[in-house]
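Note sheet for the following structure.
The values are calculated or read from the model by the stated rules, or taken from the named source; none is laboratory data. For clarity, every value in this text was computed on a predicted model and none was experimentally measured. In this analysis, Cβ positions are derived from the backbone assuming ideal geometry, glycine residues included, and neighbour counts consider all displayed protein chains.
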Protein chains: 2
Amino acid sequence: MNTVEQVEKQTNSIKVLQGSITTPLGFLAGGLHCGIKRMRYDLGWIFSVVPASVAAVYTTNLFQAPPIKVTQDSIFTDRKIQGVIVNSGVANACTGEEGLANAYTMRKMFSEQLGIEEHLVAVSSTGVIGNQLPMEKIIDGISSINDIQQQNDASDFEKAILTTDTFSKNACVTLEVNGKRITIGGAAKGSGMIHPNMATMLAFITTDAKVQQTALQQALKKVVDETFNMITVDGDSSTNDMVLLLANGQAENEELTPEHPDWDLFLQGVNEVSKSLAKQIAQDGEGATKLIEVQVKGAASNEDAKKIAKSIIGSNLVKAAIFGGDPNWGRIVAAIGYSGVELKSTKIKVDLGPITVVDNGLPYLFSEQEAASYLQQNDTIHIFVDIYDADGKATAWGCDLTYDYVKINASYRT
Amino acid sequence: MNTVEQVEKQTNSIKVLQGSITTPLGFLAGGLHCGIKRMRYDLGWIFSVVPASVAAVYTTNLFQAPPIKVTQDSIFTDRKIQGVIVNSGVANACTGEEGLANAYTMRKMFSEQLGIEEHLVAVSSTGVIGNQLPMEKIIDGISSINDIQQQNDASDFEKAILTTDTFSKNACVTLEVNGKRITIGGAAKGSGMIHPNMATMLAFITTDAKVQQTALQQALKKVVDETFNMITVDGDSSTNDMVLLLANGQAENEELTPEHPDWDLFLQGVNEVSKSLAKQIAQDGEGATKLIEVQVKGAASNEDAKKIAKSIIGSNLVKAAIFGGDPNWGRIVAAIGYSGVELKSTKIKVDLGPITVVDNGLPYLFSEQEAASYLQQNDTIHIFVDIYDADGKATAWGCDLTYDYVKINASYRT
């Protein structure tokens with residue numbers, strides 16, 4: 001039985017909750033304003049009552065920022081993390097030796113504040129590239145985390161990691177493993193520099209499940225490929241991006257491994273949380289007014305379907321047309337044509353929501369008015385493509401290209 | 001001796017002229033309004049007094065439009081073209097059998113009008129995808145080309161091929177081959193859907209040089225890779241794009257082949273015309289206010305340098321920052337980092353015009369004000385990147401991302 005079928009049967013066992021990274025047992029989180037940004041929260045943390053098994057996916061950008069290196073160093077020690085410290089406003093990227101020293105200082109300070117070993121702390125930064133961190137402010141900020149129970153507020157953490165995002169992002173699901181309830185929660189930030197080729201933003205996922213570490217890493221890699229790596233805002237990918245998944249075992253379930261009968265269900269749970277966060281990131285793309293979801297099926301392989309879906313979702317022309325409420329399906333067809341995928345035939349089908357616009361590779365008679373009103377009246381635009389070849393399928397998410405995208409990015413720093 | 005050195009020595013033999021596709025001997029061209037577009041010229045033609053050797057590069061988009069197929073068919077017969085008929089307004093793409101029949105009808109009508117064989121006619125279309133050509137208007141238009149001498153006006157041709165372009169594009173150079181003066185002229189249209197992976201717009205290059213056909217094809221392929229394939233407006237590539245190079249031999253020079261001592265000079269002449277047209281296309285990108293030129297040197301190979309240059313020029317974030325006059329070098333560094341090129345070291349240098357902004361991979365102290373004023377006060381923005389590894393180099397051209405890009409593309413059809 002393939003995973004998708006299995007999961008469809010089991011989906012009723014996964015419940016979506018109003019929740020966050022602190023909904024799973026044994027996780028605390030918080031955030032505060034330490035002064036990197038003018039007014040808004042800019043320093044956040046996560047704490048697990050015990051060291052948690054950790055999985056991580058990092059940016060593929062060659063210019064990996066110092067905090068990425070420090071986090072890798074921490075995880076390398078024994079694949080456990082108990083605390084995460086994150087700042088926004090300054091990315092600590094392209095900052096050389098001084099930047100690396102600063103990231104290590106952040107790790108040290110936070111570990112001392114928590115009374116845990118340094119290598120149990122992960123560090124993350126997001127914001128402008130090239131500036132050194134204002135370390136005094138960060139040190140003062142970390143010092144003011146005095147009572148991690150008292151200051152426990154996941155929504156403060158969610159705020160503290162944002163940059164040009166317009167809303168906080170969270171997701172939570174629960175499911176049963178051998179009769180034990182386990183919960184998975186997540187927080188993320190996105191907005192600019194969101195690209196499908198990598199883990200392209202910050203996302204933190206927590207679970208109270210007990211999971212074998214190598215299995216956890218496999219799970220995260222697979223899920224990231226299907227969710228965070230399938231969103232694009234502008235095709236740019238950042239120096240700092242990272243997805244962390246912490247599993248602290250507080251649910252006291254039988255340890256999950258790929259051999260466990262509930263493994264696929266757990267995987268689906270992580271997928272649900274990641275997909276929800278990924279869609280929120282796409283929806284909150286800089287200047288975006290609409291979420292675009294592209295579903296491709298019938299491709300020669302899933303890989304081909306991914307390429308086609310990403311090509312469409314990455315097209316500035318498609319994105320601008322959707323912003324303008326223009327059912328310009330020719331741009332969708334063109335994007336399929338330059339995706340780099342060889343098609344056996346060009347007799348494809350394209351639907352905009354409920355409206356077929358291309359069939360058999362040719363324009364299909366549709367009401368322009370109806371199509372325009374579909375585009376104008378919905379917050380989420382669905383594009384369906386059928387290649388009519390084999391079973392390959394994929395879904396990608398993105399957003400429209402608007403005046404505000406240009407406005408935000410013409411003057412991000414100034 | 002490598003080509004570049006040789007060419008530098010010979011560059012003083014190439015003269016840039018105010019000229020067009022009709023400056024080379026034996027070429028006529030014209031254009032008119034046949035009614036596909038509301039007001040503007042929409043039908044253009046080129047005629048050579050004798051069948052000319054032809055080279056062609058076509059779009060790599062899978063959904064090649066019918067006119068491309070008809071042109072390929074014509075050229076296949078005996079690699080000669082005497083007439084070119086072009087319409088703008090409707091691309092005749094994704095139009096199936098009817099579209100193909102229409103493109104053949106255009107070819108037939110124009111060949112009859114000129115009194116030449118059908119296979120000597122190339123056909124080209126540009127405009128909206130998916131609509132059938134208004135054949136009555138096109139047939140009437142072709143019928144009204146009565147006196148090709150009387151109607152000879154290259155600027156009318158240049159206008160007739162435009163879509164959202166804001167100005168006509170032409171270039172011309174002259175040089176001597178064995179004491180015989182030969183001339184190379186060109187016309188192009190660009191604007192939207194301009195992408196580096198292919199011949200991505202319409203360009204027509206004429207020369208009165210006598211050139212062996214296989215050599216002509218090699219020359220065009222090489223030149224297109226260094227010029228038209230190095231520009232990007234929005235990363236989208238079209239279904240219709242084509243570069244044609246016609247050489248009619250009217251200069252009566254010794255036939256040029258790669259073994260001829262003046263071959264490299266000729267190649268450089270074609271390169272100059274193509275580069276000029278390519279830069280005009282980039283400069284006239286939809287909504288553009290600035291031409292951006294990215295020069296990369298010191299890469300491990302020219303291929304790597306190309307990838308890096310294209311990654312920078314294709315970054316929406318870089319493009320928007322330049323529109324905003326923001327010297328946000330972090331985005332340039334990030335674009336280098338995700339270009340897919342493995343660097344030996346990240347100790348790179350980046351200059352914005354005369355201002356060094358990154359050195360040794362780290363921020364270099366510069367006056368933000370000076371950098372901002374460089375960006376604001378120049379119509380052409382130069383970005384120089386030195387990888388400090390080997391000798392690989394490349395240049396790419398693009399434009400800034402502006403409110404008007406969004407405006408134009410949110411409502412192209414409506």
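Is one or more of the residues making up the range B:245-264 under 30 Å from A:R331 (Cβ atoms) and hydrophobic (A, V, I, L, M, F, W, C)? Show your work before the answer.
Initial filter on the range B:245-264 (under 30 Å from A:R331 (Cβ atoms)): B:245.
Filter once more, so that each one left must be hydrophobic (A, V, I, L, M, F, W, C): B:245.
Yes, the conditions are met somewhere in the range B:245-264.
Scanning the range B:46-61 for residues that are surrounded by fewer than 24 Cβ atoms within 10 Å (Cβ to Cβ) and under 15 Å from the mean Cα position of the chain (by Cα) yields a total of 4.
Residue pairs whose Cβ atoms lie under 8 Å apart, separated by 6 or more positions or on different chains, with the first residue in the range B:358-379 and closer than 12 Å to A:G96 by Cβ and the second loosely packed, with under 14 Cβ neighbours inside 10 Å and modelled with pLDDT under 95, are B:G361/B:S345. Sub-6 Å Cβ pairs linking a first residue in the range B:41-70 that is within 14 Å of chain A (Cβ to nearest Cβ) to a second residue that is charged (D, E, K, R) and in a loop (DSSP other than H, G, I, E, B), at least 6 apart or interchain, are B:T59/B:D241, ordered by first then second residue. Just give me the residues in the range B:64-81 being farther than 19 Å from B:M135 by Cβ, modelled with pLDDT of 95 or more and under 21 Å from the mean Cα position of the chain (by Cα), in sequence order. The answer is B:Q72, B:I75, B:I81.
If we scan the range B:227-248, do we find a residue that is over 13 Å from the mean Cα position of the chain (by Cα), within 14 Å of chain A (Cβ to nearest Cβ) and in a helix (DSSP H, G or I)? No, because not a single residue in the range B:227-248 is over 13 Å from the mean Cα position of the chain (by Cα), within 14 Å of chain A (Cβ to nearest Cβ) and in a helix (DSSP H, G or I). Quick one: in the range B:141-167, of everything that is among the charged types (D, E, K, R) and surrounded by 15 or more Cβ atoms within 10 Å (Cβ to Cβ), which residue is nearest to B:I205 (Cα to Cα)? Selected residue: B:E158. Among the residues of the range B:265-290, the ones that are modelled with pLDDT of 95 or more and either more than 30 Å from B:K210 (Cβ to Cβ) or touching a helix residue (DSSP H, G or I) at 6+ places or on another chain (Cβ under 8 Å) (or both) come to 9 in all. Looking across the range A:374-387, the residues that are in contact with a helix residue (DSSP H, G or I) (Cβ under 7 Å, 6 or more places away or on another chain) and either more than 14 Å from every other protein chain (Cβ to nearest Cβ) or in a helix (DSSP H, G or I) (or both) come down to A:L375, A:I383.
Inspect all residues belonging to the range A:149-157 and state whether any of them is within 14 Å of chain B (Cβ to nearest Cβ), among the acidic types (D, E) and either over 25 Å from the mean Cα position of the chain (by Cα) or farther than 18 Å from B:G361 by Cα (or both). Within the range A:149-157, none of the residues are within 14 Å of chain B (Cβ to nearest Cβ), among the acidic types (D, E) and either over 25 Å from the mean Cα position of the chain (by Cα) or farther than 18 Å from B:G361 by Cα (or both). Restricting the search to the range B:13-47, which residues are assigned to a strand (DSSP E or B) and under 18 Å from B:A160 (Cα atoms)? Within the range B:13-47, B:F27, B:L28, B:A29, B:G30, B:G31, B:L32, B:L43, B:G44, B:W45, B:I46, B:F47 meet the criteria. In the condition set (1) away from chain A (no Cβ under 11 Å); (2) over 28 Å from the mean Cα position of the chain (by Cα), B:V357 is compliant with all but (1). What number goes with the only condition from (1) outside any strand (DSSP E or B); (2) over 16 Å from B:V54 (Cα atoms) that B:S125 does not pass? With (1) outside any strand (DSSP E or B); (2) over 16 Å from B:V54 (Cα atoms) applied to B:S125, the lone miss is (1). Looking across the range B:132-176, the residues that are outside any loop (DSSP other than H, G, I, E, B), closer than 19 Å to B:K279 by Cβ and either of a type in the set (A, V, I, L, M) or not assigned by TED's automatic domain parsing to the domain that holds B:V270 (or both) come down to B:A171, B:V173. Each residue in the range B:321-349 was checked for being more than 10 Å from chain A (Cβ to nearest Cβ) and surrounded by 21 or more Cβ atoms within 10 Å (Cβ to Cβ), and 0 of them qualify.
Looking across the range A:291-320 at every residue that is over 16 Å from A:T395 (Cβ atoms) and touching a residue at least 40 places away in the same chain (Cβ under 8 Å), the one that is surrounded by the most Cβ atoms within 10 Å (Cβ to Cβ) is identified as A:K319.
Listed by position, the helices (runs of 4 or more DSSP H) enclosed by the range A:283-373 that each have at least 2 residues that are under 16 Å from B:L62 (Cα atoms) are A:302-313, A:329-337. Considering the range A:388-414 alone, what residues qualify as being within 11 Å of chain B (Cβ to nearest Cβ), over 21 Å from A:A334 (Cα atoms) and charged (D, E, K, R)? Matches in the range A:388-414: A:D404, A:K407, A:R413.
For B:F110, are the conditions met, namely being in a loop (DSSP other than H, G, I, E, B), under 26 Å from the mean Cα position of the chain (by Cα) and surrounded by 18 or more Cβ atoms within 10 Å (Cβ to Cβ)? Taking the combined requirement at face value, the residue does not satisfy it. I'd like to check something: does the range A:266-285 contain any residue that is touching a Phe, Trp or Tyr at 6+ places or on another chain (Cβ under 7 Å), acidic (D, E) and over 30 Å from B:G127 (Cα atoms)? Within the range A:266-285 (the criterion being touching a Phe, Trp or Tyr at 6+ places or on another chain (Cβ under 7 Å), acidic (D, E) and over 30 Å from B:G127 (Cα atoms)), the answer is yes, since at least one residue qualifies.
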